[in-house]
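Quick note: the coordinates plus some simple rules give every number you see, no bench work behind them. Note that the structure is predicted; figures quoted are calculated from it, not measured. Because the Cβ atoms are built from the backbone with ideal geometry, glycine has one as well, and the counts that use them run over all protein chains shown.
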Amino acid sequence: MRKYIRIFYITLILLVPVMIWAQSNDRNYILTRTYTDKAGKVSQDQIQYFDGLGRPVQTVQRGVTPSKLDLVSLQEYDGFGRESNVWLPGTSSSNGGFVNPQNLKQNILNSTLYSSDQKPYSSPVYENSPLNRILEQYAPGADWHTNNKAVRTVYLTNIVGNDTLGCKLYNVTENLSLTNLKNYDTGELYVTRIEDEDGNASFEFKDKLGQVVLTRQLIRKNNSKILHDTYYLYDDFGNLCFVLPPRIQEEGITQAKLDELAYQYRYDHRNRCIWKKLPGVDPIYYAYDTADKLIFTQDGEQRTKGEWAFSIPDAFGRVVLTGTCKTVNNGSITTERFNNNLIKAEFSTSGIYMRYRLKLDNVDLTLKDYAVLTANYYDNYDFHDMTEIPSSNTVYTPQSDYGTWYAGDYTETNKYKNKGMLTGSLVAQMNANGTIGYLYSVMYYDNRGRLIQTKSNNHLKGTEEEYMAYNFTGQPVKKLHVHNGNNGSKINEKYTYIYDHAGRLKETRHRLNDSPHIMATINHYDELGRLESSSRNIYQEKSVNP
């Protein structure tokens, strides 16, 4: 009896790979399995097959098409082991198994999905050198191949005196002035010429550091050629300082023309951009702290008012406060002032900046003539008793079929369950006189970090509630939006989302209060998973459950 039991166990073990895994066991492969149900019985499988040299040759998405066939992609190689034809995907009934390449190619060639096109693959042409650089790249489709329409690449160097391959050499001085010294010597730059399928050519010039110094567009018109040059100029540390557009080459380089047409950048001793000027506008100033975090910015309009915009992070680098101010700790703001200081915000019930205290190293930081425009809260709900965020409108409300709040309550014991989550926010309402109030939002999450409930207000003094439900893979399947007017009115909107076996959205249903469902969207897909048609608001149905 023991002998028969052993034989049965061995037979069962040998059958398991065939029953569970539909892969071809005589091939090297990597299986990526994404489970789509909690029980682990349904999944989406992708199998990547490799040849004997370890090169990927075939990718199979098992049962992913609308008719539950496999979607198979094929990669071919030439005699030198270089990537050759990349075929558009085809369908197969192999149930995840490796498909004979010749059979797959014939299947794709005969497919109505590609109108029986005889060149359904992209194809490169390589240069005859050990560098194996691509000279021509043909897109999928017989029209490209038979009409010799390819993207062509030519590798060159610059040539002094050649109107197409010549390049000016500019010098950026220490005081950031600009001078045109001469042209680059022949052979100093790598030039790549790219011509698209329509014959439009562009050139890219790179120096020996790999920096792009010139892009040139070649336009042919009335049997003549027009060059449009954009120059990129760098300082000694490799920082981009100037971008000179084509027009400035035609009109000449003066400071007035630079201010009108060029992009200009300046940096501090730590290679941080502290000054930026875009064409035709005043410069923008940037101020950082010692942790290289951008804290203050000022554009030309703010400069006329003497104010700066601030963006202050917490200890974890998350921006928690944004707004405007005029001075800090009774001192003016400059691009260098906080180079050796660390600025951060700490939540405190006594904090005057929307429950935050601002720190400049270990001392308090005080803003003068400030306005807080946004505030974000993380990790807990300690802000709940703020005047701007009334707890009466924002407490968690259990909602059947719309997930469960992971923390469960507001106690210290469960605070860690909210760690890393954005739990609340404030956005200022503005008019010509400044801030007139705030719009709040309070967010709740389930045990997988998914947003399941949001409580907020609106500009009409009403409140909003939104509840979300998800499937196992995190796709939303239901949404309930409740609008509460300031006059006591209430409107419920229910959305239902239906997906196919591959996670493609098939239907969106909408219901307003107790009215019948409206089929807001019905999507149809072809065998490649591409959206084929989409119908909107086509009919109502009274028998569908919410």
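Annotations
- As a rough guide to protection, the peptides 425-438, 184-197 ranked by mean Cβ packing within 10 Å, highest first, stand as 184-197, 425-438.
- Violating pairs (Cα-Cα greater than 31 angstrom) within the set 168/305; 305/359; 182/293; 276/326; 149/506: 168/305; 182/293; 149/506
- Chain lengthening between residue 493 and residue 136 when straightened (0.36 nm per residue, less Cα-Cα): 123.1 nm
- D_trans [Stokes-Einstein, Kirkwood Rh over alpha-carbon pairs] for the stretch 302-433, 4 °C, 1.567 mPa s, µm² s⁻¹: 78
- Centroid-to-centroid separation of the stretch 85-123 and the stretch 197-271 [C-alpha atoms, Å]: 44
- Gyration tensor (alpha-carbon) shape descriptor, the chain, a/c threshold 1.5: oblate
- Other-chain or far-sequence residues with amide H under 5 Å of residue 477's (modelled H): 469, 470, 471
- Protection-proxy order for peptides 134-145, 199-210, each taking the mean of Cβ atoms within 10 Å per residue, highest first: 134-145, 199-210
- Each residue of the stretch 320-332 was assigned a 3J(HN,Hα) from its phi angle through the Karplus curve 6.51 cos²θ - 1.76 cosθ + 1.60 (θ = phi - 60°); the sequence is 10, 9, 10, x, 9, 7, 10, 9, 10, 6, 6, x, 6 Hz, with glycine and proline shown as x.
- In sequence order, the stretch 109-123 has phi-based couplings of 4, 8, 6, 6, 4, 10, 6, 6, 4, 8, 9, x, 8, 8, 8 Hz under the Karplus curve 6.51 cos²θ - 1.76 cosθ + 1.60, θ = phi - 60°, and Gly or Pro positions carry x.
- Dipole in debye (nearest 20) - the stretch 22-115, about Cα centre, beta carbon charges: Lys, Arg +1; Asp, Glu -1: 300
- Basic side chains Lys and Arg get +1 at the Cβ, acidic Asp and Glu get -1 at the Cβ, and with that the dipole of the stretch 385-460 about its Cα centre reaches some 240 debye.
- In this simple spin-label model, placing a label point 7 Å from the Cα along the Cα-to-Cβ direction at both residue 78 and residue 171 gives a separation of 4.6 nm.
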